[in-house]
Every structure is written in structure tokens, then in C-alpha cells.
Amino acid sequence: MIQTGLIPNAHSDLVTDASYDFYGQRLATCSLDQRIKVWELDENNSWNVEDDWKAHDAAISKLNWAHPEFGSIIASASFDRTVKIWEQVSNPDVEHQHSSTRWVERAVLSDPKGTVRSVEFAPHHFGLKLAMISSDNTLRIYECVEQPALTSWQMVDELDVQTIVQGPSPGQLSRAQTMALATPTQTHGSLDGASASLVAQALQQGLQQSTNAAAQRQQMGNREADGGWCLSWCKDKYWGEVIAAGCGTNGIIKIIQINSRRSTTLLSLPANSNTATSTTSIPPPSQPQASSSGTGLQSEGSQPDLRASTPSGSSPSNAPTTAITSVSWAPSCGRSYHLIATGGRDGHVRIWKLKPGNDGLEDSENSDEEGGGGRDKDDSDGEGEDSKWTAVVVADFDHHRSVVGRVEWNITGTVLSSAGNDGRVRLWKATAGNVWRSAGSVGVEQADATASAKENKDVEMES
């Protein structure tokens, strides 16, 4: 049974986001009224306003709490093209402009050239980092360099999501290959083989980004209303800093490996195809850029060498694309695969099952320690089937029949919730037989008496 509560008149305008803290005892909400409110759950299971303040000069799009080991910290993203860092203090400075509240503005990140649509702190084992994505199609990663002051944040990576190159996962490169990358302090490094390809492709990527940035910004006005910008961190420490991100109207979610040397795309998830397979080979850097916005896959010079097949009964590859408005990476909780949920403007909630390639860092390190000189011979070319990331859609629901604005997993990654413009929050859960089905819905208004029989339709989960 679903238990619900209602907070009437929470804001004076449309509520754009709501985010629970780590313990689920406090709730932060934001709105078009440019204000942030923090609510606390009392012993009577009622939500009471703890703090309320004007946070931005434009509508606020997204909120996110940092892990409690760093303190009570909230990041807010806004249409004023900034992300602000807020910290709760017991005795705020009386001279501070927000002295009427217990939340103090610690930092303002103003690098985005477009409206900031999503912000999310990294899992705590990576330190105090956050990622943001804005309507300029750029993913930016920041790290706090002054803790616990929270006043100084350094941008450690800036990626154009649409043009980021395809590359192997870190485990695909042996330790010897990694050390062979030449740097200004490594004059002995030889630029041959895979290393030369990496450097050449990185240069090509920079050229493409510079030549296409102006054209993309000119088209931004047409994409603002119909686009979607979203991101979600991988919660699993083993695979390193990996982010699922989407931008614009192409309907593609990219799985991006964040790396201090060169961040790359591991896999792309097209909205109008039910399967996706990445290759670990690096495409030639001299391929000309080509647009194929009418397909589930884009063909660009820096686009992944992605081979996606469409099973019978699924959407054709030339179906119109639609923007993905929300993405959520489920906690793995010991699973050998990952689950990623997406919500789009087409009203569909999709659940992707991702299987990483068997090219972990441990295998490479063990081979070095045993004197094997790197990977096994079968995997040395990077083209083995076990080295590829694969993905398949295991559930596809269109019950909202309107734009899906948000998808979110529970703490164990076993229950998915989605919110749509139909005014309902719907829950999805897998049964013991790995069959995804509706687990109920909640709405402010009474549901129609003639509920569609499709509500109870099961969706088989592929093995």
C-alpha cells in the first residue's frame, strides 16, 4: 500500500524539483518563484518549513544534496546560468545577506553559457565533486579545493556532450599503454600505436568543437522548448567516475567515463532502439562530421562507433527522435550489471540494463604483476566480445501519455518512480521472475474510474 502526504501551497509558483537528503528526513524544494525551501519531517509525519530564502535571479531548475560526511550542503541550478553552493550553519554571520536564514551562500559557479538544467554531486567516495549540464550542451565537472570552507571550486573537466569521442574504458588500456601517453614531463614517451591515435583524435575533437560551437549556440533558441538536459552519476566505485548524460533533442543518453587525461564515451543509448553495443576500437579522427538527427544513432566524426540493432516489434531506426528529460542510474547493490532509467518527452519510461565489458583494471594489474606484460592475447586488440559494453531495454512504459519530467530510483535500485505531466507519480518494480510491472500510482486528483487495462500489463526482463 502506498502512503502519501500533501504539502499544500508549498510555493507561490510551479514547483520544479524536490530532493530528499541522505536520510530522507528533510526535503528541499525549488520553484519558478526563485526560492528554495527546506522541509523537515516531524514525529507526526508532517512536513514543516525549516528554512525559506530567495536563491537565484531566475527560475530554479534543480536541487541536489551532498553526502552528509561533507556537512549539510545543497547545490542549486538555475536559468540564470549559475549553480550555487549552500551550506547550513547554526550561527550565520549577521552581516551576510542571507542572515535571515540558516543557509549561507558559499560559492557561485558561473561558467555555463546556457541555462543550467541539472546538477548532481558525485558519490562521496570520489570526494566533494559535482557535475552540471546546461543548454549549451556542455557537461562540467567541479571539485571543491577548499574544505570545509566550500568557497573555492575548480573546474576539472568541460565536455561537449554531442561531440565527445568514443574510447575504451580504463581497464581496456594496460598499465604500459597508459604510461606510454606522452606528456610535457614524460619526454621518453613514444607516440605510437594506440597512443598516437588517442592524441590525434583528441586534437580532432578540439577542432570540431571549435568549429561547431557557434552553430550549435545559434540553434539553441529552437531547442530550448523541446530539448532535454539531464545527468546521473554511476553509484558504483569500481568502474570509476562514470556519468550518464543527455542533451538537446537527439534522444541519446551517453555513458561517459570521466578521466583526468581524456574523458570518453563508453556507450550511447538511443531512444528509438532497444539494444546498443559499443566497440572499444577508436574510429579514425579524420572522419567528416555528419548529422543524422532522424535516426537513433548519430554519425559524427567524434561519434561512437556504435552498432545498434532493432529487434522485431521495436521502434525502427529512422523513427523521429525525442528529447530525454530525465535519467537516473540505479545503485548496483552487488549486481553484475547496471540499471539506468530514462524519461522522455514522448511519454515513455525506459529501463536499460547495462553490462560492462570484462576488461577491468584488476585483470590488467594482475597480468602485470604476474609478468604477463598486460592483457591476454585474445584481448590485446580490444575487439573481443568480452571487451564491449552492451545495453538492452528491459522495460518500456508509456502509461503517462505525456511528457515525463523525472525518474528516480529508491536507495536499493529495486523500485523506480516516475513523474509526468499527467499529474501522477507512478511506481515500477520487478517481480521475483524479473518481470517489470506497475506497482501503483499517486495523483493529486482522483484517478479515472476506467483505468486502462494496460496498467497491469507485464514487461518481460531479458536475461
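Which percent of the accessible area of region 1-81 is formed by carbon and sulfur heavy atoms (probe 1.4 angstrom)?
Carbon with sulfur: 46 percent of the solvent-accessible area.
When you count, for each residue, the other Cβ atoms within 10 Å and take the mean per peptide, how do 427-438, 341-352, 410-421 rank with the highest first?
Per-residue Cβ counts within 10 Å, averaged per peptide and sorted highest first, yield 341-352, 410-421, 427-438.
Just to be sure I understand the model, the point goes 7 Å from the Cα along the line to the Cβ. What's the resulting PHE126 to VAL444 distance in nm?
Between PHE126 and VAL444, the label points sit 3.5 nm apart.
Taking θ as phi - 60°, what are the ³J(HN,Hα) couplings along region 230-245 by the Karplus curve (6.51, -1.76, 1.60), each to the nearest whole Hz, with x for Gly and Pro?
These are the phi-based 3J(HN,Hα) values: 8, 7, 7, 7, 6, 7, 8, 5, 4, 8, x, 7, 10, 10, 9, 9 Hz.
For TYR238, TYR142, TYR337, TYR20, write out the residues from largest to smallest accessible area, computed with a 1.4 angstrom probe and no ligands counted.
Order by accessible area, largest first: TYR20, TYR238, TYR337, TYR142.
Of the listed peptides 2-12, 31-41, what is their order by residue-averaged count of other C-beta atoms within 10 Å, with the highest listed first?
31-41, 2-12
State, to one decimal in nm, how far the label point of GLU69 lies from the label point of ARG262, with both points 7 Å from Cα in the Cβ direction.
Output for this residue pair reads 3.2 nm.
Among LYS37/LYS235; LYS129/LYS237; LYS254/LYS429; LYS84/LYS237; LYS235/LYS388, which pairs are too far apart, with a Cα-Cα distance over 18 Å?
LYS37/LYS235; LYS254/LYS429; LYS84/LYS237; LYS235/LYS388
With θ set to phi - 60° and the Karplus curve 6.51 cos²θ - 1.76 cosθ + 1.60, what are the ³J(HN,Hα) couplings of region 246-256 in order, to the nearest whole Hz, using x for Gly and Pro?
In residue order, the calculated couplings are x, 8, x, 10, 7, x, 10, 9, 9, 9, 10 Hz.
Using the Cα centre of region 1-132 as the reference point, and only Cβ charges (+1 on K/R, -1 on D/E), how large is the resulting charge dipole? Debye, rounded to the nearest 20.
In total the dipole reaches around 480 debye.
Between GLU43 and ILE7, what is the label-to-label distance in nm when each label sits 7 Å out along the Cα-to-Cβ direction?
Distance between the two pseudo-spin positions: 2.2 nm.
Compute the length gained on full extension between CYS333 and SER402: take 0.36 nm times their separation in residues and subtract their Cα-Cα distance, giving the result in nm to one decimal.
21.7 nm
Kirkwood hydrodynamic radius (Cα pairs, Å) of region 1-41?
11.1
Using the Karplus curve 6.51 cos²θ - 1.76 cosθ + 1.60 with θ = phi - 60°, what ³J(HN,Hα) values do you get for each residue of region 140-156, in whole Hz, with x for Gly and Pro?
Values per residue, Gly and Pro as x: 10, 10, 10, 10, 6, 9, 10, 10, x, 5, 6, 8, 10, 10, 10, 7, 9 Hz.
The values are calculated or read from the model by the stated rules, or taken from the named source; none is laboratory data. Values in this document were obtained by computation on a predicted structure and should not be read as measured data. Glycine also receives a Cβ, built like all others from the backbone with ideal geometry; neighbour counts cover every protein chain displayed. The area values use the complete protein model at the heavy-atom level, side chains included, leaving out ligands, DNA and RNA. Shrake-Rupley method; radii C 1.70, N 1.55, O 1.52, S 1.80 Å.
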